[in-house]
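Chemist: Following this message is one structure expressed as C-alpha coordinates.
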Amino acid sequence: MPDDATATPLDPDLLRRLLRAKDRMDAAPHEDWPVPRLARVSGASEAHFARSFRDAFGVPPHRYLLTRRIERATALLRDTELPVTEIAFRAGWNSLGTFGRTFRDVKGESPGEFRARARRAPFGLEQVPGCYVSAAHRPDLRISVSEKRRAERGR
Amino acid sequence: MSAGVGVVGVYVRDQEEALGFYVEKLGFRVHTDVGKGEYRWLTVQHPEQPSFQLGLFTPQPPTLDAATAQTVREIVAKGAMPPLVLVVGDCRAAYDEMRGRGVEFTQEPIDRYGSVDAGFRDPSGNGWKMIEARRTST
(Lines give C-alpha, C1' and ligand atoms only; values in the text may rest on other atoms or scores of the structure.)
Protein backbone atom coordinates (compact mmCIF):
# COMPACT_ATOMS: atom_id res chain seq x y z
CA MET A 1 0.00 0.00 0.00
CA PRO A 2 1.50 3.36 -0.95
CA ASP A 3 1.98 5.96 1.73
CA ASP A 4 -0.92 8.16 0.74
CA ALA A 5 -0.84 11.82 1.69
CA THR A 6 -2.57 12.79 4.89
CA ALA A 7 -4.77 15.66 3.84
CA THR A 8 -6.74 16.08 7.05
CA PRO A 9 -5.14 18.48 9.53
CA LEU A 10 -3.67 16.75 12.55
CA ASP A 11 -3.96 18.10 16.06
CA PRO A 12 -0.52 19.49 16.98
CA ASP A 13 -1.03 18.59 20.63
CA LEU A 14 -1.68 14.97 19.70
CA LEU A 15 1.34 15.01 17.37
CA ARG A 16 3.52 16.33 20.16
CA ARG A 17 2.40 13.45 22.36
CA LEU A 18 2.90 10.91 19.57
CA LEU A 19 6.40 12.33 19.18
CA ARG A 20 6.98 11.33 22.80
CA ALA A 21 6.26 7.69 21.89
CA LYS A 22 8.69 7.98 18.98
CA ASP A 23 11.32 9.54 21.24
CA ARG A 24 10.93 6.72 23.75
CA MET A 25 11.47 4.10 21.06
CA ASP A 26 14.48 6.08 19.85
CA ALA A 27 15.95 6.10 23.35
CA ALA A 28 15.44 2.39 23.97
CA PRO A 29 14.79 0.52 20.72
CA HIS A 30 15.98 -2.72 22.30
CA GLU A 31 13.04 -2.71 24.71
CA ASP A 32 9.64 -4.18 23.95
CA TRP A 33 7.15 -1.56 22.81
CA PRO A 34 3.70 -3.13 22.70
CA VAL A 35 0.94 -0.77 21.58
CA PRO A 36 -0.55 -0.31 25.07
CA ARG A 37 2.81 0.93 26.33
CA LEU A 38 3.23 3.35 23.42
CA ALA A 39 -0.36 4.55 23.73
CA ARG A 40 0.20 5.23 27.40
CA VAL A 41 3.31 7.33 26.65
CA SER A 42 1.26 9.34 24.15
CA GLY A 43 -1.85 9.64 26.26
CA ALA A 44 -3.71 8.23 23.25
CA SER A 45 -6.25 5.45 23.05
CA GLU A 46 -4.90 2.01 22.20
CA ALA A 47 -7.48 1.68 19.46
CA HIS A 48 -6.31 4.79 17.62
CA PHE A 49 -2.62 4.83 18.46
CA ALA A 50 -1.18 2.82 15.55
CA ARG A 51 -3.25 4.68 12.95
CA SER A 52 -2.43 8.08 14.46
CA PHE A 53 1.26 7.25 14.60
CA ARG A 54 1.24 6.16 10.97
CA ASP A 55 -0.60 9.31 9.93
CA ALA A 56 1.93 11.40 11.81
CA PHE A 57 5.18 9.72 10.86
CA GLY A 58 4.39 7.82 7.67
CA VAL A 59 5.14 4.35 9.02
CA PRO A 60 3.38 2.10 11.52
CA PRO A 61 4.99 2.19 14.99
CA HIS A 62 6.53 -1.25 14.84
CA ARG A 63 8.08 -0.74 11.45
CA TYR A 64 9.53 2.48 12.79
CA LEU A 65 10.92 0.55 15.76
CA LEU A 66 12.49 -1.93 13.35
CA THR A 67 14.30 0.87 11.53
CA ARG A 68 15.74 2.06 14.84
CA ARG A 69 16.84 -1.44 15.77
CA ILE A 70 18.54 -1.91 12.43
CA GLU A 71 20.14 1.51 12.83
CA ARG A 72 21.50 0.58 16.24
CA ALA A 73 22.74 -2.80 15.02
CA THR A 74 24.38 -1.10 12.06
CA ALA A 75 26.18 1.39 14.27
CA LEU A 76 27.37 -1.32 16.65
CA LEU A 77 28.61 -3.48 13.80
CA ARG A 78 30.49 -0.56 12.32
CA ASP A 79 31.84 1.08 15.46
CA THR A 80 32.48 -1.74 17.92
CA GLU A 81 34.17 -5.12 18.11
CA LEU A 82 31.18 -6.72 19.83
CA PRO A 83 30.25 -10.21 18.62
CA VAL A 84 27.18 -10.32 16.37
CA THR A 85 25.22 -12.29 18.97
CA GLU A 86 25.74 -9.53 21.49
CA ILE A 87 24.76 -6.88 18.92
CA ALA A 88 21.56 -8.76 18.10
CA PHE A 89 20.68 -8.75 21.78
CA ARG A 90 21.56 -5.09 22.30
CA ALA A 91 19.51 -4.06 19.29
CA GLY A 92 16.39 -5.82 20.55
CA TRP A 93 16.41 -9.33 19.10
CA ASN A 94 16.13 -12.43 21.23
CA SER A 95 17.41 -14.74 18.53
CA LEU A 96 20.51 -14.50 16.37
CA GLY A 97 18.68 -16.29 13.55
CA THR A 98 15.84 -13.78 13.42
CA PHE A 99 18.28 -10.90 13.62
CA GLY A 100 20.41 -12.22 10.77
CA ARG A 101 17.39 -12.90 8.56
CA THR A 102 15.76 -9.54 9.22
CA PHE A 103 19.03 -7.65 8.79
CA ARG A 104 19.62 -9.30 5.44
CA ASP A 105 16.07 -8.59 4.33
CA VAL A 106 16.44 -4.91 5.15
CA LYS A 107 20.06 -4.24 4.20
CA GLY A 108 20.57 -6.81 1.47
CA GLU A 109 23.62 -8.30 3.15
CA SER A 110 24.37 -10.23 6.31
CA PRO A 111 25.57 -8.49 9.49
CA GLY A 112 29.05 -9.93 8.93
CA GLU A 113 29.20 -8.75 5.33
CA PHE A 114 28.01 -5.30 6.35
CA ARG A 115 30.65 -5.10 9.06
CA ALA A 116 33.45 -6.05 6.70
CA ARG A 117 32.31 -3.51 4.11
CA ALA A 118 31.85 -0.70 6.65
CA ARG A 119 35.39 -1.26 7.92
CA ARG A 120 36.80 -0.82 4.43
CA ALA A 121 34.94 2.46 3.87
CA PRO A 122 35.12 4.71 6.93
CA PHE A 123 32.56 7.51 7.10
CA GLY A 124 34.93 10.34 8.02
CA LEU A 125 32.10 12.39 9.51
CA GLU A 126 33.68 13.24 12.86
CA GLN A 127 32.42 16.81 12.64
CA VAL A 128 28.77 15.73 12.49
CA PRO A 129 27.01 14.83 15.76
CA GLY A 130 26.98 11.04 15.85
CA CYS A 131 23.23 10.57 16.15
CA TYR A 132 22.60 12.53 12.96
CA VAL A 133 25.10 10.45 11.02
CA SER A 134 23.39 7.39 12.37
CA ALA A 135 19.90 8.68 11.53
CA ALA A 136 20.98 9.51 7.99
CA HIS A 137 21.88 5.86 7.47
CA ARG A 138 18.63 4.57 8.96
CA PRO A 139 16.81 2.20 6.61
CA ASP A 140 13.90 3.80 4.77
CA LEU A 141 11.28 1.08 5.13
CA ARG A 142 8.44 2.19 2.92
CA ILE A 143 7.12 -1.35 2.81
CA SER A 144 7.12 -3.95 5.55
CA VAL A 145 9.81 -6.59 5.70
CA SER A 146 7.29 -9.32 4.91
CA GLU A 147 6.17 -7.43 1.79
CA LYS A 148 9.80 -7.01 0.81
CA ARG A 149 10.40 -10.73 1.22
CA ARG A 150 7.39 -11.56 -0.93
CA ALA A 151 8.49 -9.12 -3.60
CA GLU A 152 11.96 -10.62 -3.71
CA ARG A 153 10.66 -14.18 -3.89
CA GLY A 154 8.49 -13.15 -6.83
CA ARG A 155 11.44 -11.88 -8.84
CA MET B 1 31.36 41.08 16.58
CA SER B 2 30.42 43.25 13.62
CA ALA B 3 29.54 40.64 10.99
CA GLY B 4 27.97 37.19 11.30
CA VAL B 5 24.72 35.42 12.11
CA GLY B 6 22.72 37.49 14.59
CA VAL B 7 19.35 35.80 14.96
CA VAL B 8 18.12 32.32 14.19
CA GLY B 9 14.49 31.60 14.94
CA VAL B 10 12.64 28.49 15.98
CA TYR B 11 8.91 28.09 15.70
CA VAL B 12 7.13 27.48 18.99
CA ARG B 13 3.50 26.68 19.68
CA ASP B 14 3.17 29.25 22.46
CA GLN B 15 5.61 32.09 23.09
CA GLU B 16 4.81 32.42 26.79
CA GLU B 17 5.44 28.70 27.31
CA ALA B 18 8.63 28.89 25.24
CA LEU B 19 9.82 31.90 27.21
CA GLY B 20 9.34 30.00 30.47
CA PHE B 21 11.24 27.05 29.06
CA TYR B 22 14.23 28.84 27.59
CA VAL B 23 14.62 31.32 30.44
CA GLU B 24 13.66 29.37 33.53
CA LYS B 25 14.74 25.87 32.52
CA LEU B 26 17.67 26.52 30.19
CA GLY B 27 18.96 29.73 31.78
CA PHE B 28 18.72 31.94 28.69
CA ARG B 29 17.97 35.66 29.01
CA VAL B 30 15.38 37.71 27.21
CA HIS B 31 17.02 39.91 24.59
CA THR B 32 14.02 41.49 22.86
CA ASP B 33 10.35 41.19 23.63
CA VAL B 34 8.21 43.63 21.72
CA GLY B 35 4.73 43.82 20.18
CA LYS B 36 2.58 41.89 22.57
CA GLY B 37 -0.49 42.34 20.42
CA GLU B 38 -1.05 40.29 17.32
CA TYR B 39 2.63 39.80 16.56
CA ARG B 40 5.35 39.43 19.16
CA TRP B 41 9.04 39.58 18.35
CA LEU B 42 10.72 37.56 21.07
CA THR B 43 14.36 36.60 21.20
CA VAL B 44 16.46 35.06 23.93
CA GLN B 45 20.15 34.76 24.39
CA HIS B 46 22.60 32.38 25.93
CA PRO B 47 24.29 34.21 28.83
CA GLU B 48 27.74 33.45 27.41
CA GLN B 49 26.94 34.33 23.83
CA PRO B 50 25.96 38.00 23.56
CA SER B 51 26.36 38.16 19.80
CA PHE B 52 23.65 35.60 19.06
CA GLN B 53 19.89 35.65 19.58
CA LEU B 54 17.53 32.71 19.40
CA GLY B 55 14.13 33.85 18.15
CA LEU B 56 11.01 32.22 19.54
CA PHE B 57 8.31 32.79 16.97
CA THR B 58 4.80 31.46 16.51
CA PRO B 59 3.64 30.41 13.07
CA GLN B 60 0.53 32.53 12.69
CA PRO B 61 -1.29 34.98 10.48
CA PRO B 62 -0.56 37.55 9.19
CA THR B 63 3.06 36.39 8.70
CA LEU B 64 1.80 33.03 7.48
CA ASP B 65 -1.63 32.21 6.16
CA ALA B 66 -3.75 30.04 8.42
CA ALA B 67 -3.26 26.82 6.46
CA THR B 68 0.52 27.23 6.30
CA ALA B 69 0.62 28.08 9.99
CA GLN B 70 -1.26 24.86 10.75
CA THR B 71 1.20 22.87 8.63
CA VAL B 72 4.15 24.45 10.42
CA ARG B 73 2.61 23.69 13.82
CA GLU B 74 2.24 20.06 12.75
CA ILE B 75 5.84 19.89 11.55
CA VAL B 76 7.17 21.36 14.79
CA ALA B 77 5.03 19.03 16.92
CA LYS B 78 6.32 16.04 14.93
CA GLY B 79 9.89 17.01 15.79
CA ALA B 80 10.71 17.48 12.12
CA MET B 81 12.46 20.82 12.41
CA PRO B 82 16.23 20.78 11.87
CA PRO B 83 18.67 19.88 14.64
CA LEU B 84 19.72 22.40 17.25
CA VAL B 85 22.91 21.98 19.23
CA LEU B 86 23.63 23.42 22.66
CA VAL B 87 27.26 23.27 23.72
CA VAL B 88 27.89 22.90 27.46
CA GLY B 89 30.97 22.55 29.62
CA ASP B 90 29.79 19.47 31.49
CA CYS B 91 27.04 17.47 29.84
CA ARG B 92 26.24 15.24 32.80
CA ALA B 93 26.02 18.10 35.26
CA ALA B 94 23.83 20.09 32.87
CA TYR B 95 21.64 17.02 32.36
CA ASP B 96 21.11 16.58 36.10
CA GLU B 97 20.36 20.23 36.61
CA MET B 98 18.00 20.63 33.67
CA ARG B 99 16.25 17.36 34.37
CA GLY B 100 15.67 18.58 37.92
CA ARG B 101 13.93 21.61 36.44
CA GLY B 102 11.65 19.40 34.39
CA VAL B 103 13.29 19.45 30.96
CA GLU B 104 12.04 16.57 28.80
CA PHE B 105 15.13 14.59 27.88
CA THR B 106 14.98 12.25 24.92
CA GLN B 107 18.44 10.80 25.45
CA GLU B 108 20.53 10.39 28.56
CA PRO B 109 24.18 11.48 28.38
CA ILE B 110 26.24 9.06 26.29
CA ASP B 111 30.01 8.98 25.86
CA ARG B 112 30.92 8.89 22.22
CA TYR B 113 33.42 10.25 19.76
CA GLY B 114 35.52 11.65 22.58
CA SER B 115 32.69 13.74 23.99
CA VAL B 116 29.42 13.35 25.88
CA ASP B 117 26.03 14.16 24.41
CA ALA B 118 22.40 14.11 25.51
CA GLY B 119 19.13 15.08 23.85
CA PHE B 120 16.11 17.08 24.93
CA ARG B 121 13.08 18.78 23.45
CA ASP B 122 11.41 22.08 24.12
CA PRO B 123 7.68 21.98 24.87
CA SER B 124 6.83 22.61 21.22
CA GLY B 125 8.86 19.64 19.96
CA ASN B 126 12.07 21.29 18.80
CA GLY B 127 14.87 18.81 19.36
CA TRP B 128 18.15 19.83 20.93
CA LYS B 129 21.34 17.89 21.16
CA MET B 130 23.42 18.90 24.14
CA ILE B 131 27.09 18.28 23.50
CA GLU B 132 30.00 18.69 25.87
CA ALA B 133 32.65 21.01 24.47
CA ARG B 134 35.68 18.99 23.44
CA ARG B 135 38.70 19.71 25.57
CA THR B 136 41.27 21.09 23.17
CA SER B 137 44.17 20.92 25.60
CA THR B 138 45.75 17.54 26.33
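The values are calculated or read from the model by the stated rules, or taken from the named source; none is laboratory data. Values in this document were obtained by computation on a predicted structure and should not be read as measured data. Methodologically, a virtual Cβ is constructed for each residue, glycine included, from the backbone with ideal geometry; neighbour enumeration extends over all protein chains shown. Please note that ligands, DNA and RNA were not included when accessible areas were found on the heavy atoms of the full protein model with its side chains. Shrake-Rupley method; radii C 1.70, N 1.55, O 1.52, S 1.80 Å.
Chemist: Go ahead and run the numbers for FRET between A:PHE89 and A:ARG153, Cβ-Cβ distance against an R0 of 25 Å, rounding to 0.05.
Modeler: Efficiency, rounded to the nearest 0.05: 0.30.
Chemist: How large is the accessible surface per residue of the stretch B:76-138, computed with a 1.4 Å probe and reported in Å² as a whole number?
Modeler: Accessible surface, normalised per residue, equals 51 Å².
Chemist: Seen from all sides and averaged, what is the projected area of the convex hull of the Cα atoms in the stretch B:79-138, in nm²?
Modeler: The number I arrive at for the stretch B:79-138 is 4.3 nm².
Chemist: Between chains B and A, what is the buried accessible area in Å², counting both sides, with a 1.4 Å probe and ligands, DNA and RNA left out, to the nearest 100?
Modeler: About 1600 Å² of accessible surface is lost on pairing.
Chemist: With each pseudo-label sitting 7 Å past Cα toward Cβ, what's the B:VAL7-A:ARG101 distance in nm, one decimal?
Modeler: 5.8 nm
Chemist: Let me ask you something else. Probe of 1.4 angstrom, ligands and nucleic acids ignored: what's the accessible area per residue over chain A, in square angstrom?
Modeler: For chain A, the solvent-accessible area averages 55 Å² per residue.
Chemist: I need the calculated FRET efficiency for the pair B:GLU16 and B:GLU48, taking r as the beta carbon distance and R₀ as 35 Å, to the nearest 0.05.
Modeler: Here the calculated transfer efficiency is 0.90.
Chemist: Once both labels are modelled 7 Å past Cα along the beta-carbon direction, what's the B:TRP41-B:ILE110 spacing in nm?
Modeler: About 4.0 nm, to one decimal.
Chemist: Do me a favour and compute the ellipsoid semi-axes for the stretch A:43-105 from its Cα gyration tensor, root of five times each eigenvalue, largest one first, whole Å.
Modeler: Semi-axis lengths for the stretch A:43-105 are 28, 11, 10 Å.
Chemist: Quick one: order B:HIS46, B:HIS31 from most to least accessible surface, probe 1.4 Å.
Modeler: In descending accessible area the options line up as B:HIS31, B:HIS46.
Chemist: Considering only protein heavy atoms and a 1.4 Å probe, what is the carbon-and-sulfur percentage of the accessible area of the protein assembly as shown?
Modeler: 53 percent
Chemist: Another question, if that's okay. Return the average number of partner chain Cβ atoms within 10 angstrom of each residue Cβ along peptide A:12-24.
Modeler: Taking all residues of A:12-24 together, the mean is 5.
Chemist: How many angstrom lie between the Cα centre of the stretch B:1-18 and the Cα centre of the stretch A:16-68?
Modeler: 30 Å
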